[in-house]
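Everything below concerns the one structure shown next.
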Amino acid sequence: MARTKPSTAHLALVREIEEHGETATTTQVERWQQQGWLPRASAWFESGSSAFRPTIVSRAVWLAHTARAGRSIGWLGWVFWAIDDTPDSAKRLRTALVTTLKRPLARAGIEQIPAGNSNKAFQARQDAAARMLTNRRSPRRDLDGTLRDHAAAAGIELPRSPAAAVPNIFHRALLDPGARLMLGGASDVGFEELLESWERAWPDHAEAIEHIREVHRQAELAGTDLMAQSPMAEGLTGMVRTIETADDPDLCGAVRTCTKASGALAVLMQRAADEPEILAQLMNDVMWDQWARVGGIAPDGAAGAAAVAITTFQYLAMPDWAADLERYLSFMASLLASYPETAASPG
């Protein structure tokens, strides 16, 4: 079947992209439309004019620079769906987020989380969690320590994380209870077991761990189960439900904020190579431990998509945390203005 001749609008957009120093074909432009990254051609132009809308041009140029043939742009494509905030883009976004959250199960060949309170169901979840961790390596890294060493070489002393921050969230001792918490929620992992894992990952902070134990003990005496009140109380099941039941505007708004925050953090981390004091200011805020180093840094690929998906869940499930992220985003915007540098970004 003969291919339809490219439209005048598509040819004009390709020329516009070339005038901005990038290259693209009309086939690529059509593919971006199929992915929902560009709207229909009738929406490309200013009202009553043949001039392209600036946001369409900046978006197309960014796509031409980023979306190479045969390579996925991953979570960066979610940005456009969130910005457009249409029923179709929200549906695409919801599907991508849920797929990303379930990816560890898919990799382990787990089609469905075993449900129920029976011993059989409990053991099935334990076995599934073990499969998720098969051949999985635990990065032995202390991000804060690495950054602190680099800053010290430039004569900058970075602030220390508070005692409540586990130095390495990727510690092997935390992966097993983390996997079981994801599958079965708080009911499958006892609080004392979690504390024992923290003690192995955090051997120099016995006093802080005992403080956490005492807080939970007092809450239990008062009839409150803090584990049951946790956003992770239902594990992955609760996370997926939060994404699936969010209103379209709320979901798109959450992703806009989370991706914008991760983008701002990425740029600031790059600029910090020449301006180490940026790190000192980023780390001197509670959101460094509550977001930046445990999910805010979102690289390309599956790891970055997972980070953004989890952050989106937190934003939707924890209003106070969401407000803090909004505040931190404003703070990062002020840092970007204080340490300017030309950088291209999607529009």
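The values are calculated or read from the model by the stated rules, or taken from the named source; none is laboratory data. None of the values given here were measured: they were computed from a predicted structure. Cβ coordinates were reconstructed from backbone atoms using ideal geometry, including for glycine residues, and neighbour counts include every protein chain displayed.
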Just wondering, is there one or more residues in segment 201-209 that are of a type outside the set (F, W, Y), modelled with pLDDT of 85 or more and part of a loop (DSSP other than H, G, I, E, B)? no
Could you list, in sequence order, the residues of segment 26-47 that are within 30 Å of the chain's Cα centre (by Cα) and acidic (D, E)? E30
Which of the residues belonging to segment 309-328 are surrounded by 19 or more Cβ atoms within 10 Å (Cβ to Cβ) and under 22 Å from I278 (Cβ atoms)? T311, L325, Y328
I'd like to know if segment 244-263 contains one or more residues that are buried (at least 16 other Cβ atoms within 10 Å of the Cβ), modelled with pLDDT of 95 or more, of a type in the set (K, R) and in a helix (DSSP H, G or I). yes
Out of all the residues in segment 248-263, which are farther than 16 Å from S334 by Cβ and touching a residue at least 60 places away in the same chain (Cβ under 8 Å)? D248, P249, D250, L251, C252, G253, A254, V255, R256, T257, C258, T259
A266 - would you say it is in contact (Cβ under 8 Å) with a residue 12 or more places away in the chain and assigned to a helix (DSSP H, G or I)? yes
On the basis of being surrounded by 17 or more Cβ atoms within 10 Å (Cβ to Cβ) and at pLDDT 90 or above, does L279 make the cut? no
Enumeration of residues in segment 118-129 that are in contact with a helix residue (DSSP H, G or I) (Cβ under 8 Å, 6 or more places away or on another chain) and free of Cβ contacts under 8 Å to residues at least 60 places away in the same chain: A128, A129
Long-range neighbours under 6 Å by Cβ, at least six apart or interchain, first residue over 13 Å from G295 (Cβ atoms) within segment 312-336, second of a type in the set (G, A, S): L316/A246; L316/A254; L329/A261; M332/A264
